[in-house]
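In what follows, a structure is listed as structure tokens, so that the remarks can point back to it.
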């Protein structure tokens, strides 16, 4: 192990990877020996199944011309790699013919693991692409490399990822033991069953309370020299997160990232039938958006996070091109943004030292609704626990410094400052829990047009980081407030939903305005009445989901919307969202221009124009409904 690790530290581009990653790579390597003159690969036909790292001996590589003469011979000696460019840039086929010239010993890194490293480290990936680019400048080299379409990262393994349900997967069988079981006995059971995860049950209720893994045993037992005779309940990992077997595969993976759990229990009719492992799922989806999210989690610097965020438009474009639903694309964007924000928060906490009080970092607006597009900025706030008077100013000063550092770094990455100032770095939006309760009480009890327009975004707040109990307490307070007569508040919230009318003229033409020489309408403003009217009904019915689609589903379940109304609104909202995302992605990719929400109807097909007009009619009808329901008494 140590010899291989020391050797790997000398091999480019493994030299750019941190030691903890290299230690994991060592465990994946397979050693192979070849006798002299063994033909290993034939140019443009042999499939490359691993990255080969030459330890001793040598690879002789060359091209055969039409007369079977060797051209451009090159020797790969000890400490060099072969196969990376072929895997990444030649559809996994060997670029050259390869022969083992002397007794040769090689360490092979499986192709799947090599690609995962490329996704996790931009510098590691660029080593191979840069080398390929240099070689292609040689006309003779370029002549022998068969032309192929420009490499484009395929972020989808298969369309099934977004249509396949968990019940179609082979879930792993549960291995469980009571919490009183000695640690050594739990480890023995794991070894006997050849599993890396053992679930732990509560001694009294028998319900699963945590899990124990190889990593748990390493970090909490061996590293801390803990007595292995102690009960396994003392070292269990949490949280325990479950999902119904009827959910989609993409929902399971998003849930894993959002809850930071590595294992997901699968539930059917109230019973656990097995579990899913994040590593297993991700290895099966090595080029999916979710592997990209994993790469974001492994990013080591602000610069790398910025580079990852700049890749998002390409992912969005490919997802939409493959027919993936806009609501799923929204979730992918939001999950990437959340992952980046969490990395930044953790880094800033490490720099500033531990927080002097429990707190919640919450996100608002489109991010709070998990409906982010590619025209996005920061909307966030901080709630911290109430402290004694003498500590109050010190605590507040810490969180304002902390919030400023987080916002500045997010802005540098590309998640820009909010032009309206709705950020935790603004002293207006970093407060104690009691102060936030007063804010919400005032907004609801003293409502007016201006208040509702300005603060509606705070009713789309979502927990991101910190002490979730503070968020629960705020939600319990809102539940109590919303139980009171709030006709005035709901009236002004409804008025807000009526502020923007669909851009349709009396004669069913498009109402536009001039922007940079084009006649356009604003897609964001066109969608906002749906967001606003669904929010009004959700608050009236004390529904605390923030996502527009989730709110609509709850309102349908409670009978507020009929099935036809639900389907019409859902279709209208996500049709507009898909149109908005496609336009923004193309602006960034094709035009290399800042994305906007403006759309020229003349650029649309006849079918798209007709569809839009029908959607505008749906929005108009619902605005009439909300006017009757909430504003008739004022």
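The values are calculated or read from the model by the stated rules, or taken from the named source; none is laboratory data. This structure is a prediction, so every number in the text was calculated from the model and none was measured. Quick reminder, even Gly has a Cβ in these numbers, built from the backbone with ideal geometry, and neighbours come from all protein chains shown.
Taking the stretch 7-42, which residues are in a helix (DSSP H, G or I) and either modelled with pLDDT under 90 or under 30 Å from the mean Cα position of the chain (by Cα) (or both)?
Across the stretch 7-42, the qualifying residues are 14, 15, 16, 19, 20, 21, 22, 23, 24, 25, 26.
Just one of 521, 492 is under 19 Å from residue 454 (Cβ atoms) and buried (at least 16 other Cβ atoms within 10 Å of the Cβ); which is it?
Step by step, each of 521, 492 is checked, and only 492 is under 19 Å from residue 454 (Cβ atoms) and buried (at least 16 other Cβ atoms within 10 Å of the Cβ).
Need the failing condition index for residue 632 against (1) in a helix (DSSP H, G or I); (2) more than 23 Å from residue 514 (Cα to Cα); (3) at pLDDT below 90, just the number.
(1)
Given (1) surrounded by fewer than 17 Cβ atoms within 10 Å (Cβ to Cβ); (2) under 19 Å from residue 543 (Cβ atoms); (3) assigned by TED's automatic domain parsing to the domain that holds residue 305, identify the lone condition not met by residue 456.
(1)
Restricting the stretch 585-600 to residues that are part of a loop (DSSP other than H, G, I, E, B) and touching a strand residue (DSSP E or B) at 6+ places or on another chain (Cβ under 6 Å), which is surrounded by the most Cβ atoms within 10 Å (Cβ to Cβ)?
Filtering first and then ranking leaves 597.
Regarding residue 500, is this residue touching a helix residue (DSSP H, G or I) at 6+ places or on another chain (Cβ under 7 Å) and surrounded by fewer than 19 Cβ atoms within 10 Å (Cβ to Cβ)?
yes
Counting only residues that are within 27 Å of the chain's Cα centre (by Cα) and more than 25 Å from residue 24 (Cα to Cα), give me the strands (runs of 3 or more DSSP E) lying completely in the stretch 161-270 with at least 3 of them.
Strands (runs of 3 or more DSSP E) meeting the threshold: 242-244, 263-268.
Say whether the condition of being under 24 Å from residue 27 (Cβ atoms) and surrounded by fewer than 22 Cβ atoms within 10 Å (Cβ to Cβ) is met by at least one residue in the stretch 88-101.
Yes, the stretch 88-101 contains at least one residue that is under 24 Å from residue 27 (Cβ atoms) and surrounded by fewer than 22 Cβ atoms within 10 Å (Cβ to Cβ).
So that you can scan it fast, the table gives a plain yes or no per residue for (1) more than 30 Å from residue 311 (Cα to Cα); (2) within 24 Å of the chain's Cα centre (by Cα); (3) in a loop (DSSP other than H, G, I, E, B); (4) at pLDDT 90 or above:
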{"site": "526", "(1), (2), (3), (4)": "no, no, no, yes"}
{"site": "535", "(1), (2), (3), (4)": "yes, no, no, yes"}
{"site": "550", "(1), (2), (3), (4)": "no, yes, no, yes"}
{"site": "580", "(1), (2), (3), (4)": "no, yes, no, yes"}
{"site": "583", "(1), (2), (3), (4)": "no, yes, no, yes"}
{"site": "609", "(1), (2), (3), (4)": "yes, no, no, no"}
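Identify, by number, the condition in (1) under 21 Å from residue 126 (Cα atoms); (2) part of a loop (DSSP other than H, G, I, E, B) that residue 68 doesn't meet.
The number of the failed condition is (1).
Taking residue 431, is it in contact (Cβ under 8 Å) with a residue 12 or more places away in the chain and touching a strand residue (DSSP E or B) at 6+ places or on another chain (Cβ under 6 Å)?
no
For every residue, the table says whether it meets (1) closer than 16 Å to residue 165 by Cα; (2) modelled with pLDDT under 85.
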| site | (1), (2) |
| --- | --- |
| 243 | yes, no |
| 246 | yes, no |
| 254 | yes, yes |
| 257 | no, yes |
| 263 | no, no |
| 285 | yes, yes |
| 291 | no, yes |
| 295 | no, yes |
| 302 | no, no |
